[in-house]
Amino acid sequence: MSERFDAIVIGAGPAGEVAISRLSSHGLRTALVERELVGGECAYWACIPSKTLLRPPEARAEARRAPGIAEPAASWPEIARYRDYMVRGLDDSGAVRGYEERGVSVFKGEARIEAPGQVRVGARVLATERIVVATGSEPAIPPIDGLREAGYWTNREATTLSEIPRDVVVLGGGPVGIELGQMLRRYGAEVTIVQGAERLIDREDARVGELIADALRAEGVELRLCEKATGVSRDGERTTVELGSGETVSGERLIVAIGRRPRARDLGVEAIGVELGERGEIPIDSRCRVADGVWAIGDVTGVSLFTHAAKYQARIACADILGAGRDADYTAIPRVVFSDPEIAAVGLTAQEATERGIEVSTADADLMTIARTETYGVGLGGEVGIVADRGRRTAIGAWAVGPLAGEWIHQAVLAVKAEIPIDVLRDTVAQFPTFTEAYLPALEALEV
């Protein structure tokens with residue numbers, strides 16, 4: 001005998017939580033299925049603990065840059081306790097209770113779609129006309145000889161650590177590798193980042209990678225660029241990584257941070273006639289629909305692996321379910337790395353735009369050309385760049401590396417989203433003194 005619901009949400013990460021909250025608030029009888037902790041990867045092992053751990057050494061660095069301010073002391077036990085508070089001690093009982101008090105039925109266990117409108121969770125069968133899949137993603141683990149035998153950390157172990165290792169090797173120079181590498185270096189570990197590409201964060205404009213590389217090297221992080229790991233071995237308390245060049249690097253811990261992949265392999269989507277994509281993602285249409293009565297949202301779709309994009313897709317799917325459907329627009333999803341300096345970007349890179357046949361104009365500006373930089377601290381710097389479509393005279397992309405870039409990137413986000421003409425952006429007045437003022441010299445330098 002099956003239990004029937006108006007909607008079933010599989011996965012209780014950020015996307016699933018937005019979906020279940022919206023659907024239940026509109027009077028639907030809902031069920032939430034989660035195999036681990038309600039709150040998901042972001043709340044317990046990724047966004048929240050990593051940003052919590054990044055902040056204390058960032059504050060110390062800010063104090064060093066402020067004239068006349070003594071560098072504050074850091075207490076790792078107190079920092080770790082606050083991290084534990086922020087991740088609820090890896091205990092989701094309060095979250096489960098909160099949903100149940102609001103009338104949501106919460107089921108813990110692996111979910112599998114057995115047939116259209118039918119989901120099995122252990123011995124229980126749930127029936128519905130609406131299934132929302134929000135199972136997220138998992139770390140991508142490369143097939144390197146000896147890696148599994150030697151052992152490694154992912155973001156989970158790195159963000160729940162109890163003691164700082166003496167030295168660390170990080171495989172991957174993307175957002176996660178940069179954040180974790182800088183975090184551990186600032187807590188005292190020797191850090192080596194191994195990156196297969198010729199620059200860090202190579203999906204962004206080249207200048208972005210150059211600027212963050214300079215910042216990390218200045219803090220003592222060793223960068224091994226254009227290097228691929230070919231083998232891993234463990235000897236006592238040391239892990240050694242063999243590189244394609246024939247050289248080796250070693251550390252007390254090895255962190256794998258080369259990216260993530262959608263988590264959908266064992267979900268049973270074949271029962272509804274769906275075939276997974278090349279990266280293991282669930283294919284969706286512009287309203288996050290997978291098949292009749294099935295929607296997918298968040299990392300599992302492979303569209304844009306960010307928490308804010310996942311929450312946006314949840315809003316799109318719920319609007320469709322509730323009869324107010326609209327198409328998703330991913331042209332202006334911001335991308336931020338919470339390093340120091342922060343990295344922020346939106347829209348297309350110059351290379352991506354050129355590959356699409358767009359006639360591109362680019363320009364950048366040094367943050368030292370505006371007053372806010374030196375009022376904010378000593379020894380700061382950074383740059384902002386704009387990518388414009390010459391023909392349409394609009395901004396189609398932007399990037400920034402500098403203090404609080406993740407906050408002031410949103411003027412560019414709105415410009416790309418709303419296709420605001422360059423002339424209007426040039427005529428817009430920014431508050432003095434703010435980092436947002438840096439957009440003007442870049443905009444004025446564009447040849448459009």
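Where the alpha-carbon atoms of the chain are placed on the principal axes, they occupy 69, 62, 43 Å, in descending order.
Would you work out if segment 302-367 is rounded, prolate or oblate? Take a ≥ b ≥ c from the square roots of the eigenvalues of the alpha-carbon gyration tensor; rounded if a/c is under 1.5, else prolate when a/b is larger than b/c, oblate otherwise. Oblate, since a/c reaches 1.5 and b/c is not below a/b. Annotation: the antiparallel percentage among DSSP beta bridges lying fully within segment 125-272 is about 45. Dipole of the chain computed with +1 at Lys/Arg Cβ and -1 at Asp/Glu Cβ about the Cα centre; of Val194, Ala310, Ala213, farthest Cα towards the positive end is Ala310. The antiparallel fraction among DSSP beta bridges confined to the chain stands at about 60%.
As a length-normalised measure over Cα pairs under 8 Å and 6 or more apart, the relative contact order of segment 1-84 settles at 24 percent. In the chain, Cα pairs under 8 Å separated by at least six residues give a relative contact order of 14 percent. Screening the chain for whole DSSP H helices with an alpha carbon extent of at least 18 angstrom along the helix axis and a mean Kyte-Doolittle hydropathy of at least -1.0 yields 47-65, 206-218, 307-321. For segment 269-342, chymotrypsin sites (Phe, Trp or Tyr not before Pro) meeting the loop criterion (DSSP other than H, G, I, E, B) and having at most 13 other Cβ atoms within 10 Å: Tyr330.
Each listed q (0.17, 0.19 Å⁻¹) maps to a log10 I(q)/I(0) for segment 185-327, found by the Debye formula over equal Cα scatterers with no solvent: -0.97, -1.07. The order of Glu281, Glu163, going from fewest to most other C-beta atoms within 10 Å of their C-beta, is Glu163, Glu281. Residue order for Ser245, Ser24, fewest other beta carbons within 10 angstrom first, comes to Ser245, Ser24.
No disulfide-compatible partner, judged by a Cβ distance under 4.7 Å, exists for the following cysteines of the chain: Cys226, Cys288, Cys318. For segment 238-310 versus segment 10-70, the inter-centroid distance based on Cα atoms is 19 Å. Ordering Ile8, Ile131, Ile321 from the fewest to the most neighbouring beta carbons within 10 Å gives Ile321, Ile131, Ile8. Determine the shape class of segment 147-258: with a ≥ b ≥ c the square roots of the Cα gyration tensor eigenvalues, call it rounded for a/c under 1.5, and otherwise prolate if a/b is greater than b/c, oblate otherwise. The shape class here is oblate.
Just so you know, all these numbers are worked out from the coordinates, no wet-lab data involved. Computed from a prediction, not measured in an experiment: that's the story for all the values here. Every residue, glycine among them, receives a Cβ derived from its backbone with ideal geometry; neighbour counts consider all protein chains shown.
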